[in-house]
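Take a look at the structure below.
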Amino acid sequence: MGVLTADMKRVVSEQRLGFIATVCPDGTPNLSPKGTTAVWDDDHLVFAHICSPTTVANLLRNPSIEINVVDPVVRKGYRFKGTARVLTEGRPYEEIRAFYRSGPHAAHDGVYERISAVVLVRVERALPLVSPAYDGGATEEEVAGRWERYWETLRTARRRARSTGQPHG
């Protein structure tokens, strides 16, 4: 049995956007979103190095990593801590590149051609992330409803701003 549960895999597969934390040479954190975050197997996550020079440089110096993936509507997700390997050649590299070439996680809009490395993360610990919105006893449906209304309000405001030529904000 691997570290990643069925629900963890579902959230990562649905969201695809992982917030990747690495450690800079001066000890400060570096946080970078990666839209190619995916489940590789029961113990590993992957993401593609498309435009991630700081993240990759940090990982080459210190392979410690944390990935947070959260569903912004239900305000729940997971925090994955582990060790990363930056791959630029070899069988695992080729297999992961093939994964991004086709299938549900295929990189689009010329992104596949821009993959210069892939990062394979061995997940050593995974913990749930749950918004304080639930602290008062709200149900998932209530929290989701609030955020769906919020996002719809933003979409409406953007459409209105575009139609009137006014900046949104």
Q. By how many degrees, 0 to 90 and rounded to 10, does the Cα axis of helix 6-15 deviate from the longest principal axis of the chain?
A. 70 degrees
Q.
For Leu4, Leu127, which order do you get if you count the other beta carbons within 10 Å of each Cβ and list the fewest first?
A. Leu127, Leu4
Q) Mind checking the log10 I(q)/I(0) for the chain at q = 0.08, 0.15 Å⁻¹? Debye, one equal scatterer per Cα, no solvent, two decimals. A) -0.30, -0.92
Q) With r defined as the distance between the Cβ atoms of Arg146 and Arg16 and R0 fixed at 30 Å, what FRET efficiency is calculated, to the nearest 0.05? A) 0.80
Q: Scan the range 32-132 for chymotrypsin sites (Phe, Trp or Tyr not before Pro) in coil per DSSP, keeping those whose Cβ has at most 16 other Cβ atoms within 10 Å, and list them by number.
A: none
Q: Evaluate E = 1/(1 + (r/R0)^6) for Asp135 and Thr28, where r is the Cβ-Cβ distance and R0 equals 45 Å; express this FRET efficiency to the nearest 0.05.
A: 0.90
Q | Acute angle (nearest 10 degrees) that the helix 91-101 long axis makes with the longest principal axis of the chain, alpha-carbon atoms | A | 30 degrees
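Since every read-out is calculated from the coordinates, none of them should be taken as a lab result. All values derive from a computational prediction rather than experimental measurement. Neighbour counts are summed over all protein chains in view; Cβ atoms, including those assigned to glycine, are modelled from backbone coordinates with ideal geometry.
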